1. GLY154: out of contact with any strand residue (DSSP E or B) (no Cβ under 8 Å at 6 or more places or on another chain), open to solvent by 20 Å² or more (accessible area, probe 1.4 Å) and within 15 Å of the ligand (Cβ to nearest atom), yes or no?
2. Testing ILE219 on (1) near the ligand (Cβ under 10 Å from one of its atoms); (2) closer than 18 Å to GLY129 by Cα, one condition comes back false. Which one is that?
3. Any idea which of GLU139, GLU70 is more than 16 Å from VAL160 (Cβ to Cβ), surrounded by fewer than 15 Cβ atoms within 10 Å (Cβ to Cβ) and touching a strand residue (DSSP E or B) at 6+ places or on another chain (Cβ under 9 Å)?
4. Would you please name the residue that is nearest to GLY8 (Cα to Cα), looking only at residues in the stretch 169-203 that are buried (at least 17 other Cβ atoms within 10 Å of the Cβ) and at pLDDT below 95?
5. Quick one: SER97 ticks every box in (1) in contact with a Cys (Cβ under 8 Å, 6 or more places away or on another chain); (2) under 13 Å from PRO124 (Cβ atoms); (3) open to solvent by less than 30 Å² (accessible area, probe 1.4 Å) except a single one, so which number is it?
6. Do the conditions hold for ALA235, that is, is it within 11 Å of the ligand (Cβ to nearest atom) and either touching a strand residue (DSSP E or B) at 6+ places or on another chain (Cβ under 9 Å) or open to solvent by less than 10 Å² (accessible area, probe 1.4 Å) (or both)?
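The values are calculated or read from the model by the stated rules, or taken from the named source; none is laboratory data. Owing to the predicted nature of the structure, the values given are computational and were not obtained by experimental measurement. Glycine gets a Cβ as well: all are built from the backbone with ideal geometry, and neighbour counts include every protein chain shown. All accessible areas refer to the heavy atoms of the entire protein, side chains included, with ligands and DNA or RNA removed. Shrake-Rupley method; radii C 1.70, N 1.55, O 1.52, S 1.80 Å.
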Amino acid sequence: MRSIVIAGNWKMYKTRAQTREYLATFVPMIQNRSSDRNVVLCSPYTSLETLAEGLEGQNVGVGAQNLHWEKEGAFTGEISAPMLQELKVTHVVIGHSERREYFGETNQTVLKRTQAVLAANLIPIVCVGESKAQRDNNETETFIFQQLDEGLDGVNLAQVIIAYEPIWAIGTGETCESEEANRVIGLIRQRIKGEQVPILYGGSVKPTNIDELMAQPEIDGALVGGASLEAESFARIVNYVD
Ligand code: PGA
């Protein structure tokens, strides 16, 4: 059985005070979830310690949204594994499409970051997904396969989580049909030859579509942006009905 992972990606949202407020509502709401559901919250660096403290004993992972492959050095604006480990971080989102689009992340830097995450015994959530233009040109599979082949080249997949996030469905309210997300995730699974690797769907996941998405056999969980910002909404996603 592959693990189920429901991860929230807060992106560049929430101060520490807002994080505390969120946890006060969220934690009581996820107490009765089935024990096979792994929950992760990925916040800006400034809230990581607050999350780790507030989630102590809750069996909820704490995720960062980036990690540099060096332990330290002259890399202004970057963050390293030892710095995150000290804050009790457990997961790191790597290669999110926003990092690829706005901050020059490539498959090569995705590979270096992923290797560094694994070397630190943290869990990478590696994101792949095609743009609208690529989908319209029937390039979805070739593009994603290249992201996987290059971004995970030689990587031991035992601790890796993959998120399939079609770019056109991120933050747009336009969800990929659950059958289509299921189909692409099935192709990703064949390509990486990692039967045990959890593969999540991401892109406008909401309380209203999570049940249907999770009913698909290939979809092992969700990476949730906008709908993870509100405690009630993310708790409903964690408590999806199967
Ligand atoms: P969204 O974002 O749920 O707001 O579409 C998903 C993501 O970018 O991880």
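1. Answer is no for this residue.
2. Every listed condition holds for ILE219 apart from (1).
3. Going through GLU139, GLU70 in turn, the sole match is GLU70.
4. The qualifying residue nearest to GLY8 (Cα to Cα) is ILE170.
5. In the conditions (1) in contact with a Cys (Cβ under 8 Å, 6 or more places away or on another chain); (2) under 13 Å from PRO124 (Cβ atoms); (3) open to solvent by less than 30 Å² (accessible area, probe 1.4 Å), SER97 misses (2) alone.
6. When the stated conditions are applied, ALA235 does not pass them.
Matching residues to (1) outside any loop (DSSP other than H, G, I, E, B); (2) under 27 Å from ASN182 (Cβ atoms); (3) of a type in the set (Asp, Glu):
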position: LEU84; (1), (2), (3): yes, no, no
position: LYS88; (1), (2), (3): no, no, no
position: ARG100; (1), (2), (3): yes, yes, no
position: PRO124; (1), (2), (3): yes, yes, no
position: GLU130; (1), (2), (3): no, yes, yes
position: GLN134; (1), (2), (3): yes, yes, no
position: GLN147; (1), (2), (3): yes, yes, no
position: GLU150; (1), (2), (3): yes, yes, yes
